[in-house]
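Okay, so here's the structure we're looking at.
Please treat every number below as a calculation from the coordinates, not as lab data. Not measured: the values here are computed from a predicted model. Cβ atoms come from the backbone with ideal geometry, glycine included; neighbour counts cover every protein chain shown.
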Amino acid sequence: QVQLVESGGGLVQAGGSLRLSCAASGSIFSINAMGWYRQAPGKHRELVATITSGGSTNYADSVKGRFTISRDNAKNTVYLQMNSLKPEDTAVYYCAADTTSGDYWGQGTQVTVSS
């Protein structure tokens with residue numbers, strides 16, 4: 001199993017920045033890729049960004065050029081640097097891991113962007 005713990009959410013004004021962190025523990029050798037998803041009130045959960053074990057990244061069109069996903073293998077941690085935040089980025093952000101034994105999710109961290 002893999003355990004994921006997110007941190008770094010909070011309240012920020014539009015145009016500001018936040019960095020989310022996701023620390024993985026457990027069977028980390030089984031992780032193929034990790035990613036960030038978000039769910040706004042009344043909406044479905046959506047992909048924000050992913051990064052593979054090889055370092056390849058993928059982003060939702062809505063965050064390209066503003067968000068950057070990265071990983072520190074020594075710390076078993078994935079980051080999401082969010083710049084130029086907009087009110088529509090307000091959501092609960094979840095870290096996820098795609099592993100050989102299935103998908104795992106963190107508990108989520110709230111990001112609120114005020115206008």
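Data for the structure
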{"read-out": "Burial ranking of peptide ranges 71-83, 88-100 (average Cβ count within 10 Å, highest at the top)", "value": "88-100, 71-83"}
{"read-out": "Added length on full extension, which subtracts the Cα-Cα distance from 0.36 nm per residue, Arg19 to Ser84", "value": "22.2 nm"}
{"read-out": "10 °C / 1.306 mPa s Stokes-Einstein diffusion coefficient of the range 35-88, Kirkwood radius on C-alpha pairs, µm²/s", "value": "132"}
{"read-out": "Length gained when the stretch Ser62-Gln110 is fully extended (0.36 nm per residue, less Cα-Cα span)", "value": "15.4 nm"}
{"read-out": "Gain on full stretching of the segment that runs from Val5 to Arg45 - 0.36 nm per residue minus C-alpha separation", "value": "12.6 nm"}
{"read-out": "Stokes-Einstein D (µm²/s) once Rh is taken as the Kirkwood radius of the chain over alpha-carbon pairs, at 10 °C in 1.306 mPa s", "value": "113"}
{"read-out": "Taking the chain and dividing mean pair separation by its residue count, relative contact order in percent (alpha carbons under 8 Å, at least six apart)", "value": "37"}
{"read-out": "The range 1-40 versus the range 92-109: alpha-carbon centroid distance in Å", "value": "8"}
{"read-out": "For the range 1-48, convex hull volume per residue from C-alpha positions, Å³", "value": "112"}
{"read-out": "Integer Hz, Karplus 6.51/-1.76/1.60 couplings in order for the range 67-84, x for Gly and Pro", "value": "10, 9, 9, 8, 9, 10, 5, 5, 9, 6, 10, 10, 10, 10, 8, 10, 10, 6"}
